[in-house]
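Bear in mind these aren't lab numbers, they're just calculated from the coordinates by the rules spelled out. This one's a predicted model, so the numbers in the text were calculated from it and none came from an experiment. For neighbour counting, all protein chains shown are included, and Cβ atoms are generated from backbone atoms with ideal geometry for every residue, glycine included.
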Amino acid sequence: MVTVELKNLRFNAFHGIHEEEKILGNEYVVSAMVRFQENTDVIVHVNDTVNYAAIYEIINRRMCIPTSLLETVAMETGSEIHQRFPQIQSVSLSITKMHPPIEGMQGSAVVSWSKQF
């Protein structure tokens with residue numbers, strides 16, 4: 001089993017249910033992990049693995065689409081990753097909103113989603 005991870009990807013995006021989030025945006029940190037069974041004794045070609053640059057592009061593209069709920073972003077992103085790489089047996093995504101608009105709150109809000117295929 002091979003695990004490919006992207007950690008602490010930073011984005012400025014416009015997700016959220018509040019109008020000011022759609023205007024001002026927020027800082028987000030995304031991490032992704034996929035697992036797949038290798039088909040060879042030693043992986044030596046990019047075609048034999050899950051290309052993490054392609055995963056980054058999927059995440060980057062999806063983070064540019066303003067969405068009310070981070071759950072939606074995570075689930076749609078994970079489904080698109082699996083669609084692009086059907087050999088993936090599991091995908092996990094974590095999206096952290098660094099500055100949630102909650103009065104008096106110090107800290108961040110995180111939505112995580114995992115699925116096995």
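Numbers below:
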read-out: Within the chain, longest stretch free of exposed GluC sites (Glu not before Pro) [DSSP loop, at most 12 other beta carbons within 10 Å]; value: 39-102
read-out: GNM top mover of 18, 45, 99 - the chain, alpha-carbon springs below 10 Å; value: 45
read-out: Compactness of the chain - radius of gyration and Dmax, Cα, Å; value: 15.6, 54
read-out: Hypothetical label at residue 23: residues of segment 78-117 whose amide nitrogen lies under 20 Å (7 Å Cα-Cβ projection); value: 99-104
read-out: Spin-label pair residue 4/residue 40, simplified geometry with 7 Å Cα→Cβ offset, distance in nm; value: 1.4
read-out: Separation of the residue 98 and residue 115 label points, Cα + 7 Å toward Cβ, nm; value: 2.9
read-out: Dipole moment magnitude, nearest 20 debye, the chain about Cα centre, only Lys, Arg, Asp, Glu C-beta charged; value: 60
